[in-house]
1. Sort LEU20, LEU26 so that the residue with the fewest other Cβ atoms within 10 Å of its own Cβ comes first and the one with the most comes last.
2. On full extension of the chain, what length is gained from LYS217 through LEU188, given 0.36 nm per residue of separation minus the C-alpha to C-alpha distance?
3. Fewest to most neighbouring Cβ within 10 Å: what's the order for LYS175, LYS184?
4. Between their Cα atoms, which of LYS169/LYS205; LYS209/LYS233; LYS205/LYS233; LYS184/LYS209; LYS169/LYS217 are more than 19 Å away from each other?
5. Can you sort LEU47, LEU122, LEU143 so the residue with the fewest Cβ neighbours within 10 Å comes first?
Amino acid sequence: MESWLFQWWNEDTLTVTIRLVLAAVLCGMVGIEREFKRHPAGFRTHLLVGVGACLMMILSIFGFEDFLNTHQRVQGFDPSRLAAYVVSGIGFLGAGTILVHGVTVKGLTTAASIWVVAGIGLVVGIGMYYEAIFTTCIVILSLLFLNKFEDLYLRKQRYHHVTVIVENKEVSLSKIVNELESLKTPILSLSVSDHPSDAAVPLIKYTFKIQISNPKKLPELYDKIQSIDYVHKVFATE
């Protein structure tokens, strides 16, 4: 029994074990940050993606040794093919974390982190430990701290909530969005609701949260939207 165990546990087995565990630790660390922020893909998803990518890389390196030893005339063996399929295939998983709500897109950072942990898994699988650890540090630091720098920068921008009241089914939302975009005004969020009114025609209220660096653009924005037919009222608040 012991001889069989020692025969099974060799240098290659130790190498594979270290690489899989390291991939799980590094990719799981990235996933923990996403888990704390309650994103669609968290700790388990990142860990599984990283370990799976590492496993594919290990397979491409060690999985065909016996075949190549018994078929020495085989040429054109390329261990990078499996890695290439992992990189392209992981994009579909990342796309599933991207959520679109009207004009707001969420989940791009999580999709990017999934793509990165797949790369970390591949790098660990091939034995490039330093590169994997250093990349993990960069990813975690960027996820933890860069968003704070972004928030600090965005605070310098002026936010306004622009409310547009229109006759229901007479003014399309896309037309108002086009007018805002023509003034190069980024739309950060949007809400739609019915507007109570005594008028015979039902009204609807669009509320846009926009980012505007120059408040002097507001009068031009009012004029453009107010010029649209069936628009009853336009006003803004900070």
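1. Final ranking by Cβ density, sparse to dense: LEU20, LEU26.
2. Length difference between fully extended and current span is 8.7 nm.
3. Ranking LYS175, LYS184 by Cβ neighbours within 10 Å, fewest first, gives LYS184, LYS175.
4. Going by Cα-Cα distance, LYS169/LYS217 fall outside the 19 Å limit.
5. LEU143, LEU47, LEU122
Here, each number is a calculation from the coordinates, and none is a lab measurement. Note that the structure is predicted; figures quoted are calculated from it, not measured. Don't worry about glycine lacking a Cβ; one is built from the backbone with ideal geometry, like all the others, and counts go over all protein chains shown.
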